[in-house]
Amino acid sequence: MKSIKYLFTLLLLAAALPLLGQQQSQQKAAASNKPDAVGVNKVDFKKLQPNEIQSSEGQWTRIEVELQILGNPDENANNQQWVRNIDVELTLVYKDEKAKDKKALENMVVMKSKARLFAGKVNSKVPVVFYIPGEAYPIYRIMQEPFAWSVQLSVNGAAIPLTKNNYKSMLSKVLTKSSNLTQVLESYKKLVDKASQTNSGVLIPLPNCPFNVQWYEYFKNTNLKIPTYIKEEGR
């Protein structure tokens with residue numbers, strides 16, 4: 001009798017396994033189609049005049065990545081109206097304007113930096129600000145606008161994937177206009193990985209900026225609602 005029951009249980013399990021596999025694949029597909037928690041509205045570049053930053057002769061450049069907080073990905077969060085631990089990684093690629101071959105990869109100047117926000121409120125727009133010091137322009141021989149840029153987002157350590165719905169807002173036009181985006185992004189990643197460490201620290205998130213730059217941001221841009229940044233450990 002026991003053997004019959006055991007055999008019957010095995011048959012039930014065997015019948016259930018395809019259903020379980022199908023359910024898991026459906027869950028994975030649903031997760032992959034889940035809306036992004038955070039998106040990028042726009043990326044603005046503004047070269048400030050020397051007199052705009054007190055006690056500074058250089059022309060600092062302000063880069064603002066405006067986020068749109070879309071929804072909380074954590075169903076168990078204490079407050080669904082707030083998305084916690086948002087990382088914004090900005091990468092800029094400039095041409096050396098005085099190089100003989102401006103398009104050569106070895107003549108590209110790459111800067112990369114990351115800012116972390118404590119939280120963003122759902123349905124709100126959040127400005128995340130970075131600065132480039134004025135000394136970078138004569139030293140690197142670069143102009144105001146970068147040749148290419150990209151934004152990488154993550155929430156609670158989980159990266160927002162690059163999809164057809166968001167790649168135009170997270171990548172500059174020079175990257176997205178290519179007919180072979182995959183190949184372009186592979187080359188772009190190799191360039192960034194190779195060159196960004198050389199210029200580490202030149203692109204500065206707002207909380208790491210000198211006091212006079214922070215003064216401009218907090219007291220002159222009075223209409224700007226500045227989010228709370230969190231410094232990473234060891235930085």
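The values are calculated or read from the model by the stated rules, or taken from the named source; none is laboratory data. Just so we're clear, the structure is a prediction, and the values are computed from it rather than from any experiment. Cβ atoms come from the backbone with ideal geometry, glycine included; neighbour counts cover every protein chain shown.
Values computed for the structure shown
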{"read-out": "Boolean, residue 127 is assigned to a loop (DSSP other than H, G, I, E, B), of a type outside the set (Ser, Thr, Tyr) and either touching a Leu at 6+ places or on another chain (Cβ under 7 Å) or in contact (Cβ under 8 Å) with a residue 24 or more places away in the chain (or both)", "value": "no"}
{"read-out": "Single unsatisfied condition, residue 50 versus (1) at pLDDT 85 or above; (2) farther than 22 Å from residue 151 by Cβ", "value": "(1)"}
{"read-out": "Residue 156 being at pLDDT 90 or above and farther than 25 Å from residue 41 by Cα", "value": "no"}
{"read-out": "Filter result for the condition that a residue is touching a strand residue (DSSP E or B) at 6+ places or on another chain (Cβ under 6 Å), assigned by TED's automatic domain parsing to the domain that holds residue 53 and part of a strand (DSSP E or B), over 174, 109", "value": "109"}
{"read-out": "Residue within region 223-235 that is of a type in the set (Asp, Glu), touching a residue at least 60 places away in the same chain (Cβ under 8 Å) and surrounded by 17 or more Cβ atoms within 10 Å (Cβ to Cβ) present", "value": "no"}
{"read-out": "Qualifying positions in region 141-169 - more than 10 Å from the chain's Cα centre (by Cα), among the polar types (S, T, N, Q) and either surrounded by 13 or more Cβ atoms within 10 Å (Cβ to Cβ) or farther than 21 Å from residue 93 by Cβ (or both)", "value": "156, 163, 165, 166, 169"}
{"read-out": "Enumeration of residues in region 130-149 that are in contact (Cβ under 8 Å) with a residue 60 or more places away in the chain and in contact with a Leu (Cβ under 8 Å, 6 or more places away or on another chain)", "value": "130, 131, 132, 146, 149"}
{"read-out": "Selection within region 177-222 - under 18 Å from residue 46 (Cβ atoms), part of a helix (DSSP H, G or I) and free of Cβ contacts under 8 Å to residues at least 40 places away in the same chain", "value": "214, 218, 219"}
{"read-out": "Given (1) exposed (fewer than 11 other Cβ atoms within 10 Å of the Cβ); (2) at pLDDT below 90, index of the condition residue 193 fails", "value": "(1)"}
